[in-house]
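The values are calculated or read from the model by the stated rules, or taken from the named source; none is laboratory data. The structure displayed is predicted, hence computed values, not measured ones. All Cβ positions, glycine included, derive from the backbone under ideal geometry; neighbour counts span all protein chains shown. SASA here: full protein model, heavy atoms, side chains in, ligands and nucleic acids out. Shrake-Rupley method; radii C 1.70, N 1.55, O 1.52, S 1.80 Å.
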Amino acid sequence: MQVEKLARRYNDSGRSYGGECAQISVHGLTSGQAMEALAGNWAEVAGNRIPEPQVWLPTSTLWTGQLELLDRANKRAPQTPGGAEFPSIANSPLVIAMPAAKAAQVKQRGPLGWGDILGMSGEQGWASFGKPEWGRFTFGKDNPNLSTSGLAATIAAYYAASNSSSDLTEADIRNSDVTRFVRRIEANVSHYSDDVVDLLRSLAAVDLSTVEGAAASDLSAIVTQEELVYLYNQGELSPTPGKKPNEPLVALYPKEGTFNLDHPYVVLPRASAEQKRGAADFLAFLQEPAQQAEFEAIGFRNHEMVASKDLIATVGGQEAAQKYFEPPAPGWCRRSRRTGRRCARRPTS
């Protein structure tokens, strides 16, 4: 875990601020699990092995709005009040990742959107692109209730369906055309996981299989964050770490736009004044060039959303997404999570 590594560097640096110093400890939970634990009884949800935090590092500010809703439902003061702005430590756009040959075939059509790509799932998918021998178009995503990329992908489908990049409304989620569009995409998820890394590791294992006659993966696309495409192509998700895949993945950026997973640094109100000073210094440390280079080395854009040349070359991507979606209202986001969960469990036709 990169932040844990950087916390050790911070602790060993002898750094001080205003005559004070801090010791940082880092513990890992998914964004969704941490949100549920922060909203309820921490020990019951997270377990006694993980102490209650003073700083939360979810993958996206999409989760801070969800925590605010849960706090209000539990009649607690919001820990992440609406309107609060949280600094970023690193960034990674949500992309549609495809094996290089399949991405090249899709790109021949020019700029395509979420529905153009994911909506072609099914038996006739690749035949419509002149490649019937490739069979069905299948795609994978992860659980929108636990994973940020799964949550963001579900919401992105709503944006695409309503032809909007901001200001989604309650009417959008009730609009039959919009709902039909989203459900058509979600119902065609053929590979569904609680963690997209598991899908990528499975794909890497199949790609590198040396067993004669081993079946190739039928996966056509995975909705994930750009950073994981970088790690996949560098061989970091391989069963033999460092062994690069025979066929890399290419990151596609849908024409309507995409979400930026902004990795916010959230100092929680339970932190004491002393802990808040320490948290502020650790944030300053993480945003310094030396530490930002560590994030860039594993495929992130820096805290100002700038991508390195190595990242762009490795994922076959672009310096900036065409545009980024604005996060919807927390209540709207919660309802889209429910839609994503229901649709993803329906059998693929």
*Inspect region 42-53 for any residue being free of Cβ contacts under 8 Å to residues at least 40 places away in the same chain and under 30 Å from ALA160 (Cα atoms) and give the result as yes or no.*
no
*Taking the stated definitions as given, is THR30 surrounded by 15 or more Cβ atoms within 10 Å (Cβ to Cβ) and modelled with pLDDT of 90 or more?*
no
*asked:* So TYR230 passes all but one of these: (1) touching a Ser or Thr at 6+ places or on another chain (Cβ under 6 Å); (2) surrounded by fewer than 16 Cβ atoms within 10 Å (Cβ to Cβ). Which condition number does it fail?
replied: (2)
*Looking at THR314, is it closer than 25 Å to LYS107 by Cβ and either in contact (Cβ under 8 Å) with a residue 12 or more places away in the chain or of a type outside the set (D, E, K, R) (or both)?*
yes
*On the given criteria, is ILE96 crowded, with 19+ Cβ neighbours inside 10 Å and modelled with pLDDT under 90?*
no
*Residues GLY115, GLY130, GLY140, GLY110: which one is farther than 21 Å from VAL266 by Cα, surrounded by fewer than 20 Cβ atoms within 10 Å (Cβ to Cβ) and within 21 Å of the chain's Cα centre (by Cα)?*
GLY115
*asked:* The conditions are (1) open to solvent by less than 60 Å² (accessible area, probe 1.4 Å); (2) closer than 25 Å to GLU288 by Cα; (3) among the small types (Gly, Ala, Ser), and GLY47 fails exactly one of them. Which is it?
replied: (2)
*Considering each of GLU170, GLU186 in turn, give the residue that is surrounded by fewer than 17 Cβ atoms within 10 Å (Cβ to Cβ) and either on the phi < 0 side of the Ramachandran plot or at pLDDT below 90 (or both).*
GLU170
